[in-house]
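This report refers to the structure that appears directly beneath it.
The values are calculated or read from the model by the stated rules, or taken from the named source; none is laboratory data. The shown structure was predicted, so the numbers you read here are calculated from the model rather than taken from an experiment. In this analysis, Cβ positions are derived from the backbone assuming ideal geometry, glycine residues included, and neighbour counts consider all displayed protein chains. All accessible areas refer to the heavy atoms of the entire protein, side chains included, with ligands and DNA or RNA removed. Shrake-Rupley method; radii C 1.70, N 1.55, O 1.52, S 1.80 Å.
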Amino acid sequence: MADIFDKIIAGEIPAYKVYEDDDLLAFLDISQVTPGHTLLVPKKHVDDIFAYDDETAQKVLLKLPSLARAIRASDPTITGINISSNNGPSAGQTVIHSHWHLIPRRDDDGLNAALAPTIDNSDSYTEDQYEDLAQKIQQELG
Ligand code: 5GP
């Protein structure tokens, strides 16, 4: 059965995309733990870290540094980034389609990174705000 990220990849439900190629998609996480919070996913359905073939793993992991740099460059207040992936429900994975969280950090933002997966700020974001964040990261990816 298709999960929510399969539907985003297929264009069946919308997302604020920041990067796309034949194998990968990066888009804003709806919850925006911090502004610019982005998810990187393989288009090929992979449940979790345990299920990757080497080729897909290489493609996804190779993209993380340039995506992290683009996110940082999109906003001068971003001074760091947490990159994480929850694997298996016992580890907090709620969408069973492998994904990598890139969570921008700002000096003294007060975020407890261990609690980040439980934070949902989507109520305080407008479509224009999501669009603006996504465009700024896209521009930095060229
Ligand atoms: P997990 O808890 O599995 O590590 O992360 C799943 C993430 O997917 C959560 O941070 C959640 O906010 C995000 N998410 C769930 N549904 C959607 C959606 O429909 N669109 C987007 N952009 N993100 C989603």
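In table form, for the structure just shown:
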{"item": "Residue pairs meeting the criteria (Cβ under 6 Å; at least 6 apart or on separate chains; first touching a residue at least 24 places away in the same chain (Cβ under 8 Å) and under 19 Å from Leu64 (Cβ atoms), in segment 4-24; second open to solvent by less than 60 Å² (accessible area, probe 1.4 Å) and more than 14 Å from the ligand (Cβ to nearest atom))", "result": "Ile9/Lys43; Tyr19/Leu141; Asp23/Lys43; Leu24/Lys63"}
{"item": "Residues that are among the aliphatic types (A, V, I, L, M) and open to solvent by less than 60 Å² (accessible area, probe 1.4 Å), drawn from segment 94-113", "result": "Val95, Leu102, Ile103, Leu111, Ala113"}
{"item": "Extreme residue, least open to solvent (accessible area, probe 1.4 Å), among residues of segment 79-93 that are of a type in the set (A, V, I, L, M, F, W, C) and assigned to a strand (DSSP E or B)", "result": "Ile81"}
{"item": "Qualifying residue in segment 2-16 (condition: closer than 23 Å to Pro104 by Cα, basic (Lys, Arg) and within 12 Å of the ligand (Cβ to nearest atom))", "result": "no"}
{"item": "Residues that are polar (S, T, N, Q), within 16 Å of Ala15 (Cβ to Cβ) and in a helix (DSSP H, G or I), drawn from segment 94-142", "result": "Ser122, Gln129, Gln135, Gln138"}
{"item": "Complete set of residues in segment 82-122 that are more than 15 Å from the ligand (Cβ to nearest atom), touching a strand residue (DSSP E or B) at 6+ places or on another chain (Cβ under 6 Å) and not basic (Lys, Arg)", "result": "Asp107"}
{"item": "Residue count, segment 23-78 (criterion: within 16 Å of the ligand (Cβ to nearest atom), open to solvent by less than 40 Å² (accessible area, probe 1.4 Å) and under 28 Å from Asp123 (Cβ atoms))", "result": "17"}
